[in-house]
1. Setting aside same-chain residues fewer than 8 positions from Lys190, which aspartates and glutamates have a Cα under 13 Å from its Cα?
2. How much of the accessible area of segment 144-224, in percent, comes from carbon and sulfur atoms when a 1.4 Å probe is used?
3. Can you tell me which of Pro126, Pro250, Pro74 moves the most in a GNM of the chain? Springs connect C-alpha atoms under 10 Å apart.
4. Counting pairs of alpha carbon atoms under 8 Å apart in space and at least six apart in sequence, what relative contact order in percent does segment 86-172 give?
5. Quick one: if you stick a label point 7 Å off each Cα along the C-beta vector at His3 and Gln67, how many nm between them?
6. Once you list every other residue whose beta carbon is under 11 Å from the beta carbon of Asp83, what net charge do they have if Lys and Arg are +1 and Asp and Glu are -1?
7. For segment 268-384, what relative contact order do you get, as a whole percent, if you take Cα pairs closer than 8 Å and at least 6 residues apart?
8. Can you pull the percent of segment 232-384's accessible area that's carbon plus sulfur, 1.4 Å probe, other chains left in place?
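The values are calculated or read from the model by the stated rules, or taken from the named source; none is laboratory data. What you see is a predicted model; the values in this text were computed from it and never measured. Here the Cβ positions follow ideal geometry from the backbone for every residue, glycine too, while neighbour counts run over all protein chains shown. In case anyone asks, the SASA skips ligands and DNA or RNA and just uses the protein heavy atoms, side chains included. Shrake-Rupley method; radii C 1.70, N 1.55, O 1.52, S 1.80 Å.
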Amino acid sequence: MTHCVALVVAAGRGHRAGGGLPKQYRSLLGRTMLRRALDSFLAHPRVDAIRPVIHPDDRQLFDAATQGLDLLDPVPGGASRQDSVRLGLESLAERAPEQVLIHDAARPFVDGAIITRVLEALADHPGAIPALAVNDTLKRGDGGLVGATVDRAGLWRAQTPQGFRYADILDAHRQATGAELTDDAAVAEKAGLAVALVDGGESNVKITTEEDLKRAQGRLAGAAVRTGFGFDVHRFGAGDHVMLCGVSIPFSAGLEGHSDADVALHALTDALLGAVGAGDIGVHFPPAEARWKGAPSDLFLRRAGDIVAEKGGAIANLDLIIICEAPRIGPHRAAMTARLAEILGLDPDQVNIKGTTTEGLGFTGRNEGIAAQAVATVLFPVNI
Ligand code: MG
């Protein structure tokens with residue numbers, strides 16, 4: 001039985017953020033908001049599956065934003081957020097998870113610690129939500145004037161993901177149809193379920209307006225920058241193709257190695273791991289383990305990308321240089337760039353690939369193998 005499913009609600013139109021696209025498909029430093037939100041749940045060890053709820057018109061945008069991710073099939077949402085959540089919950093009836101986390105795709109910066117706090121509180125309560133105490137003094141307006149000062153003691157700002165026991169919240173939503181409630185805790189309250197408050201995060205902001213989007217981009221632009229370096233070599237052996245950047249290139253030799261010997265992906269994987277202080281490829285995928293024999297190396301790079309996301313980082317760019325006399329890199333550069341962008345969910349212009357020779361010198365010059373060097377830049381958002 002599935003224990004915990006995350007329901008990620010991305011069915012809104014969200015045109016208040018401008019830009020033509022629904023906001024959840026707007027890019028924040030090369031990753032759509034939706035993808036950023038999904039990545040946090042994909043990386044969480046206690047989330048077993050993710051059900052996206054999308055607008056029926058957005059299927060193509062959704063497919064493009066989530067290529068290669070391990071998600072349940074998306075289900076279409078309804079006319080309101082509440083309808084969308086209910087439809088998402090109904091779609092899980094057969095799977096009947098024990099717990100469900102309901103999250104708005106408009107909160108792309110949710111982190112693993114918030115998810116963990118909600119799940120921990122769920123062990124003792126039918127519901128749990130992350131929230132922040134209100135610090136500003138609250139006024140009730142009256143015709144443009146201050147009508148009254150509202151006591152802020154005991155007031156909280158609710159965030160998502162909001163966690164519930166699945167059977168309870170499904171029932172509550174069925175009963176609340178048409179009630180126009182703005183979050184799932186309100187649906188639970190209406191059904192008499194106790195909902196615990198846990199600490200939310202100031203960075204777990206909801207992006208509604210164009211200004212919110214600009215501020216979020218600013219958070220990434222003002223981020224701490226970390227750099228990682230990767231280097232790898234594989235020697236030529238028997239074969240009729242080499243794998244470079246996940247692309248099969250016909251050649252008069254192959255590359256020897258335990259996995260598919262994709263020297264470029266190995267250098268990139270090490271660069272990403274290096275940027276976030278996560279060791280190297282051998283730590284995560286020991287060559288002594290039989291299961292990595294012949295493995296496609298995009299697995300390694302994808303995992304490195306997940307580790308970057310788990311640690312709260314965002315890839316700014318990758319620069320790769322492939323060093324060999326042959327095969328020629330130029331004719332395959334576009335395919336390689338597209339493949340790297342696809343594996344990591346980046347824009348192609350965040351990925352740069354160069355090929356060079358060593359003018360006949362050294363082991364690459366003697367056509368004994370291929371070397372690759374990579375540099376990765378990773379940004380860690382700061383709160384502003
Ligand atoms: Mg290698």
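1. Answer for Lys190, where 13 Å is the Cα cut-off: Asp168, Asp171, Glu180, listed by chain and number.
2. Numbers: 2130 of 4260 Å².
After summing per-atom areas, the C and S share lands at 50 percent.
3. Ranking Pro126, Pro250, Pro74 by mean-square fluctuation puts Pro250 first.
4. Working: 109 pairs, mean separation 35.4, N = 87.
It comes to 41 percent, rounded to a whole number.
5. Distance between the two pseudo-spin positions: 3.4 nm.
6. On the way: positive: Arg81, Arg86; negative: Glu90, Glu180.
Its environment carries a net charge of 0.
7. Numbers: 171 pairs, mean separation 41.0, N = 117.
Contact order relative to length: 35 percent.
8. Numbers: 3450 of 6500 Å².
Percent of accessible area from carbon and sulfur atoms in segment 232-384: 53.
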